[in-house]
Amino acid sequence: MTVTRAAVDPLSVLDRPNSYIGKTVPRPNLDRLLQGRGQYVSDLELPRMAHVVFLRSPYAHAKIVAINADIAKRMPGVISVVTGRELEAVITPWVGVLSHLKGLKSAPQYAIAIDRVCWQGEAVAAIVATNRAAAEDAMEKVAVDYEELEAVTDMRTALDPSTPVIHPSLGDNLAFERIHSAGDVDHAFSESDAVVEADFVFGRHTGVTLEPRAVVADWNAAEARLTIYQGTQAPHMVQNIAALHLGLKDAQVRVVCNDVGGSFGIKVHIYADEMATYALSKLLRRPVKFVADRIESFNTDIHARDHRCKGRVGVRQDGTITAFEIDDLTGIGPYSMYPRTSAIEANQVVNLVGGPYITQNYRARARVVFQNKNVMCQYRAVGHPIACSVTEGLVDLAAAKIGMDPVEIRRRNLIADNAYPCASPSGMKFEQLSHHASLAKLLQMMRYDALRTEQAALRKRNIHRGIGIASFIEVTNPSAAFYGVGGAKISSQDGVAVRMDAQGSVICQTSITEQGQGSESLTAQIVGSVLGVSMERVRVILGDTDNTPYGGGTWASRGAGIGGEAALQAAKILRSNIVDVAAAILQSNPAALDIVDNHVVNTSDGVPRIELNELARIVYFRPDTLPPGIQPELMATRHFVPRQYPFAFTNGVQASWLEVDTDTGFVKLLKHWVVEDCGTIINPQLVDEQIRGGVVQGLGAALFEKCIYDERGQLINANMADYLVPMSGEMPDIEVAHVVSPTLESELGAKGAGEAGTAGAAAAVANAVNDALRPFGATITEIPLTPQVILTALGRI
Amino acid sequence: MTAPVPVSLLVNGDPVEAIVLPRLNLADFLRDNLKLTGTHVGCEHGVCGACTVRVNGEIVRSCLILAVQAQGSSVETIEGLSDSGEIADLQAAFRERNALQCGYCTPGMLITAQDLLKHTSAPDRGAIRDHLSGNYCRCTGYQAIVDAVEATARARAERST
């Protein structure tokens, strides 16, 4: 590991004896999951619980003429069949816009469609029964009379005057447009020795969380309280939204989130069917459970990407990149998703293109259009893979054009490691990045020169291997600049409450959530380290709005950087409180005492003075023996949000080594390398595995994953057999290394790492495929890189 | 609808008698009737592997067979394999290596991995990847899982020599 900054304070809490920070320790919650004893929402059963299934539109765009549920309502086990009109009495519609994305518009969306459906899969009726099979049986007997309307499916023609407008009240199908210009782009292009242009095409894909979305809503009419059990990344957001649209106070809604079977951004939104489930529970005054089946997941879990981006780069013969220009078009389905909006990704693409490079000449246009397809919104590494693929694709094309090695052009243009703080051409503020240190480390790991030699030798034997490199920047630790400034009640701060119990163990309640990243572990590691308590004595409570401080949750790589810092600050206060009490008990001075290995010790010689369980016993059971005026507070709460930088930008670089079979078009991944800088590393193993998991999701986008629609807006591969995702047999080993530039905005210094893998993997693969195909003069700027795409580019089909 | 029929089988060694609809699949039977929620349902069409259990010693997708087809058979789920201690070393290797994140694929992954280790004493990484290639994991990227299975194979081989 390379550290770019010395520790700021040599006596920082990070350096305490027996610190768990920076150490690989197993996650405390793993045994439960390993024995199949986790509690996912799909496992939950409550007394009197009913099951809901949704009848969904088979058409992408249609008028609902009539719904007849008479037969269904009389079937065994059926409790109710509820239409959109009936549900409207319980829950209000919503519009997914944010005020800081100027001009963003969307139409009111209902929990269940009322007069019209706008995508294949939109719910038109809810069938509630005592068990799911009965509900599904009854669903088959609900008759819906539709009048099919013309579907808007191709984003390239969505804005044409001849294309129907999906929501006539909005005037056109343009949801959002952003234009950005920095520097003197025209002049920069005119001064270039070469200008390279390409059209980049990104398939629409989706998260495929292994546990589908699931919710149990339990309206207790006697308490006038709604408890929502949901696998979500943002419990307080769900609480706020559910209360708002059901006409309740936040305090009347409790959101509980136990184990979550995969999230990746899929479960950071609130879906219409989830809203409907909350409302059905209130309407029917009983617990209602909804678990999406796999076809519903494909048709209604948010989709992602689906961009067509025209990119242009100017370059001088000496390798200097003079300017970047992009024109991005993306289709988001019929509604901007609520409450985070579907324009964030295009906005992010504009923010991130060209980000690692020195040039300040940058022009961008992004347009976001409506379509009659499933909604599209934030999924892991929002906008990053698009921006990285366009930027890195253009850089490689520029290098090829002037005959320069792809590494050399990056060396000449990446922002220098000592140039910070500085800003990108889109105005993003960088505190400290480490592109050059990262690239140097990557080249060493992959033995770049030897690999090039090997590649050349193999080419002579008609074996076509390619090397692809992709540098990237990554948005982490978001402040209120993400959502709060736009009026969305999505908290950017997180809080942690830490308390010591009567046996000297520690309980932490945190507002960040756990979906397998290791939130519990990192919280316990930080609190244990700061307090001087062993991790076995630290228990973490999360995912419950009744029992955790208010906060944002876990998304956009904020758990460690924001939730971790809150944990650190809360633990510092508790530590100080404990030492104060210990000083009173021991008739000593707080400055002379410390806590190490569950004991209060002398700072001077480390001799243990009192075990924490004994201290806790005195505090809780014999406070009468304490000196007068001492009121021990063995509980402390702190919140944290970054203020100086709207986002903690991180950086990294990836490389892919692969072989293309030019006869079949198949790509075999041989090896993948990542160097990433996420600042202070709390648990090296967890960080590496976050990155590997992210890389594999990026590799899926690069090679396999695509939601395929026909011209009528029918999703034709909505099952796991036809929608391909990476499996163990196709994936290479992935080597991960780190450069460490801690953020100075927090004492902990941690930045996020969750997007890094996904951000750069597809770009590295696409560059490697093009590198392999260079002898054939073929260039591909489309993902997924299916055999068909490759053979087409080679002129074989 | 066809009338319910009685079934009797062994589940994790315990005799189970039930009356079920013929259309009920084994995964739903285990989860809903027996409350053995460790068997997870991911796709319901035999692709993802999350619902993998052992029937008469062979691994099967419990979403692809009916409860009535399990008549007279011995079914073992993650709860049984955990309680018997049969896969304790494999579970420990998964824990040490962080070979799971959300944990939803994990029961199926462990049962599939144990099946490989029962039949092959020293599988190489390619063989491990092949054998696990019917089990989705969306979180880990598979490498940690392969590492954990490889480490377990090695440790078992050392113990047996």
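Summary table
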| item | result |
| --- | --- |
| Top-ranked residue of segment A:668-698 - restricted to ones that are part of a helix (DSSP H, G or I) and touching a strand residue (DSSP E or B) at 6+ places or on another chain (Cβ under 7 Å), ranked as nearest to A:Ile463 (Cα to Cα) | A:Val695 |
| Set B:Gly72, B:Gly57, B:Gly85: member being within 14 Å of another protein chain (Cβ to nearest Cβ) and over 16 Å from B:Ala27 (Cβ atoms) | B:Gly85 |
| Which numbered condition A:Thr786 fails, given (1) closer than 29 Å to A:Trp555 by Cβ; (2) away from chain B (no Cβ under 14 Å) | (1) |
| B:Val20 touching a residue at least 24 places away in the same chain (Cβ under 8 Å) and over 26 Å from B:Ala113 (Cα atoms) | yes |
| Which listed residue, of A:Val675, A:Val695, is in contact with a helix residue (DSSP H, G or I) (Cβ under 6 Å, 6 or more places away or on another chain), buried (at least 24 other Cβ atoms within 10 Å of the Cβ) and more than 11 Å from chain B (Cβ to nearest Cβ) | A:Val675 |
| Counted residues, segment A:28-62 - those being among the acidic types (Asp, Glu) and buried (at least 17 other Cβ atoms within 10 Å of the Cβ) | 1 |
| Filter result for the condition that a residue is in contact with a His (Cβ under 9 Å, 6 or more places away or on another chain), closer than 21 Å to A:Ile541 by Cα and not aromatic (Phe, Trp, Tyr), over A:Val238, A:Val260, A:Val255 | A:Val255 |
| Unique match (being touching a residue at least 60 places away in the same chain (Cβ under 8 Å), open to solvent by 20 Å² or more (accessible area, probe 1.4 Å) and in a strand (DSSP E or B)) among A:Val81, A:Val25, A:Val65 | A:Val65 |
| Selected residue (criterion: surrounded by the most Cβ atoms within 10 Å (Cβ to Cβ)) from residues of segment A:474-490 that are in a loop (DSSP other than H, G, I, E, B) and over 17 Å from the mean Cα position of the chain (by Cα) | A:Ala488 |
| Which listed residue, of A:Ala750, A:Ala756, is small (Gly, Ala, Ser), within 14 Å of chain B (Cβ to nearest Cβ) and more than 16 Å from A:Val395 (Cα to Cα) | A:Ala756 |
| Residue identified as basic (Lys, Arg) and under 30 Å from A:Lys23 (Cβ atoms) among B:Arg23, B:Arg31, B:Arg95 | B:Arg95 |
| Top-ranked residue of segment A:416-438 - restricted to ones that are assigned to a helix (DSSP H, G or I) and closer than 17 Å to A:Ile321 by Cβ, ranked as least open to solvent (accessible area, probe 1.4 Å) | A:His435 |
| Residue within segment A:439-453 that is closer than 20 Å to A:Ala750 by Cβ, in contact (Cβ under 8 Å) with a residue 12 or more places away in the chain and of a type in the set (A, V, I, L, M) present | no |
| Breaking point among (1) in contact with a Lys or Arg (Cβ under 9 Å, 6 or more places away or on another chain); (2) open to solvent by 10 Å² or more (accessible area, probe 1.4 Å), for A:Ile386 | (2) |
| A:Arg411, sole failed condition from (1) touching a residue at least 24 places away in the same chain (Cβ under 8 Å); (2) in contact with a Phe, Trp or Tyr (Cβ under 8 Å, 6 or more places away or on another chain); (3) surrounded by fewer than 22 Cβ atoms within 10 Å (Cβ to Cβ) | (2) |
| Residues that are crowded, with 20+ Cβ neighbours inside 10 Å and in a loop (DSSP other than H, G, I, E, B), drawn from segment B:66-99 | B:Thr77, B:Ile87, B:Asn98, B:Ala99 |
| Unmet requirement for A:Gln644, which otherwise passes all of (1) farther than 23 Å from A:His436 by Cβ; (2) at pLDDT 95 or above; (3) surrounded by fewer than 24 Cβ atoms within 10 Å (Cβ to Cβ) | (2) |
| Selection count where residues are of a type in the set (Val, Ile, Thr), open to solvent by less than 30 Å² (accessible area, probe 1.4 Å) and part of a strand (DSSP E or B), scope segment B:1-55 | 7 |
| Failed item, numbered, when B:Arg138 is tested on (1) facing chain A (nearest Cβ under 7 Å); (2) assigned to a helix (DSSP H, G or I); (3) surrounded by 17 or more Cβ atoms within 10 Å (Cβ to Cβ) | (2) |
| Candidate set: segment A:28-62, residues that are more than 14 Å from every other protein chain (Cβ to nearest Cβ) and either assigned to a strand (DSSP E or B) or of a type in the set (Ser, Thr, Tyr) (or both); chosen: the one nearest to A:Gln714 (Cα to Cα) | A:Tyr59 |
| In segment A:228-264, the residues that are under 24 Å from A:Arg285 (Cβ atoms), in a loop (DSSP other than H, G, I, E, B), in contact (Cβ under 8 Å) with a residue 12 or more places away in the chain and more than 14 Å from every other protein chain (Cβ to nearest Cβ) | A:Gly247, A:Leu248 |
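Results for (1) out of contact with any Leu (no Cβ under 6 Å at 6 or more places or on another chain); (2) facing another protein chain (nearest Cβ under 7 Å); (3) touching a residue at least 60 places away in the same chain (Cβ under 8 Å), shown as yes or no for each residue.
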residue	(1), (2), (3)
B:Asn98	yes, yes, no
B:Cys102	yes, yes, no
B:Gly108	yes, no, yes
B:Leu117	yes, no, no
B:Ala127	yes, no, no
B:Gly134	yes, no, yes
B:Val149	yes, no, no
B:Arg154	yes, no, no
B:Glu158	yes, no, no
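The values are calculated or read from the model by the stated rules, or taken from the named source; none is laboratory data. Here the structure is a predicted model, which is why all the values come from computation and not from measurement. Positions of Cβ are generated from backbone atoms using ideal geometry, with glycine treated the same way; all protein chains shown enter the neighbour counts. Protein only, heavy atoms only, side chains kept; ligands, DNA and RNA dropped before computing areas. Shrake-Rupley method; radii C 1.70, N 1.55, O 1.52, S 1.80 Å.
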